[in-house]
1. Taking amide H positions as placed 1.01 Å from N in the peptide plane, with prolines and chain starts having none, which residues 5 or more places from K381, or on another chain, fall under 5 Å of its amide H?
2. Helix 93-104 sits at what angle to the longest principal axis of the chain, using alpha carbons and giving 0 to 90 degrees rounded to 10?
3. Counting heavy atoms of the protein chains only and a 1.4 Å probe, report the per residue accessible area for segment 132-190 as a whole number of Å².
4. Can you list residues from other chains, or at least 5 along the same chain, whose modelled amide H is less than 5 Å from the amide H of V77?
5. With every protein chain left in place, what is the accessible area per residue of segment 248-395 in square angstrom, probe 1.4 Å?
6. Which listed residue (T44, P342, L309) has the Cα farthest towards the positive end of the charge dipole for the chain, taking +1 on Lys and Arg C-beta and -1 on Asp and Glu C-beta about the Cα centre?
7. As a test, work out the antiparallel percent of DSSP beta bridges whose residues both lie in the chain, rounded to the nearest 5.
8. When every alpha-carbon pair in the chain is counted, what percent end up more than 38 Å apart?
Amino acid sequence: DDGPVGPHIDYQGRIDQSNTTANNGTHGDMTTGILMGAGNLNPTIAGMGTGTFIYIYDINGYNHVLNSPTTNTTLGVMVTSTSYSQGCNDYTTDTQTGDQILHDNPTLLHVYSAGNNGGADCGYGAGAGWANVTGGYKQGKNVIACGNLNYLDALEASSSRGPSSDGRVKPDICANGAGQLSTDGPNDYQVGGGTSAACPGIAGIVTQLHHAYRELNGGANAEGALIKASLLNTADDLGNAGPDFKFGWGRVNAFRAVTTLEDVRYVTDEISQGATINHTITVPANTQQLRVMVLWTDVEGDPLAAKSLVNDINMIVTDPSSTSWNPWILDPSPNATSLNLPAVRGVDDLNNMEQVTLDSPVAGTYTISLNGFAIPQGPQKYYVVYEFVGSEINV
């Protein structure tokens with residue numbers, strides 16, 4: 001970020017700053033405290049991952065991202081958190097590199113701020129206020145880019161909107177970033193804000209989910225795809241019903257995400273070109289909404305291609321009456337009216353995650369059918385996660 005942070009008792013014994021140089025501000029203090037501050041000085045100002053060990057890096061060169069495969073292996077680093085801008089709404093060679101790192105190192109997950117560029121026009125064609133996520137690594141398919149909400153769940157005007165340059169859903173998820181109390185060094189606190197504050201909140205939750213998975217699975221590490229799918233599928237829907245280009249998949253709900261892991265409401269497999277794989281789940285009575293999402297860590301895209309998606313899996317959910325349901329898709333046409341339309345059901349050929357939701361589903365057996373529509377670089381591993389909202393086993 002902007003150099004060394006602290007010193008602060010809230011980081012005591014859980015920080016390594018050997019990769020920093022000159023201190024250039026307090027932005028890093030703010031993001032660090034939101035991610036992992038323990039609240040030792042003031043218990044009411046604790047971060048989201050209070051047991052996390054953090055390695056602080058200067059932002060120059062994005063070495064924390066580029067070196068993450070090595071630190072993942074040697075130091076056990078599972079997540080990076082980055083709250084800096086890097087261009088505007090373009091799938092670049094950096095984006096390609098970031099997607100490749102996560103594809104090749106499946107337990108890693110990179111979390112980014114979506115940007116505070118909400119009123120800008122980055123040339124997508126829809127005018128100001130759309131397609132202005134602040135570029136580079138955060139445009140990736142496999143990363144998480146975070147939007148910024150206030151305490152009333154309203155999207156801050158400054159929070160960057162989607163879609164990505166090729167029409168994918170961005171931001172991925174939102175969190176409270178407005179008016180955040182966090183650390184300031186030495187041993188002080190400050191008020192921070194923006195997507196810079198939303199991002200470390202999500203990153204801290206990711207560390208908690210990793211901790212939970214280890215406790216539930218004998219110390220084994222979760223893959224980033226499972227953690228991301230659990231977060232997106234359980235987010236509280238805001239804005240238009242379903243995904244949208246302002247809130248992404250909604251506001252993070254850490255409790256519901258961890259219950260996905262605790263109740264093992266997920267399956268994983270690999271799929272090849274043209275193959276069809278079916279999974280079945282039993283929906284209990286009194287379920288208010290069924291949510292099913294498939295997500296895969298895709299092969300890195302080509303910056304010169306019209307679409308960054310490489311491997312394309314299609315999902316259909318069939319209910320007990322043999323009615324089939326497609327996932328939600330958005331219209332990425334470059335005009336404001338289209339971008340603001342609610343999601344409709346259809347075939348998704350842009351995103352590496354797809355979600356089907358059904359309100360008031362009847363109890364019974366549902367079939368999740370996955371087709372390897374286009375898997376030029378396979379087989380492709382995937383995760384299917386599901387949630388029974390409002391049932392007696394998932395509140």
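The values are calculated or read from the model by the stated rules, or taken from the named source; none is laboratory data. Keep in mind the model is a prediction, meaning the values are calculated, not measured. Here the Cβ positions follow ideal geometry from the backbone for every residue, glycine too, while neighbour counts run over all protein chains shown. With ligands, DNA and RNA removed, areas are computed over all heavy atoms of the protein, side chains included. Shrake-Rupley method; radii C 1.70, N 1.55, O 1.52, S 1.80 Å.
1. Distant-sequence amide H within range of K381: I271.
2. That works out to roughly 70 degrees.
3. 25 Å²
4. Residues meeting the amide H criterion: N72.
5. Heavy-atom SASA per residue in segment 248-395 reads 42 Å².
6. P342
7. For the chain, the DSSP antiparallel bridge percentage is about 75.
8. 14 percent
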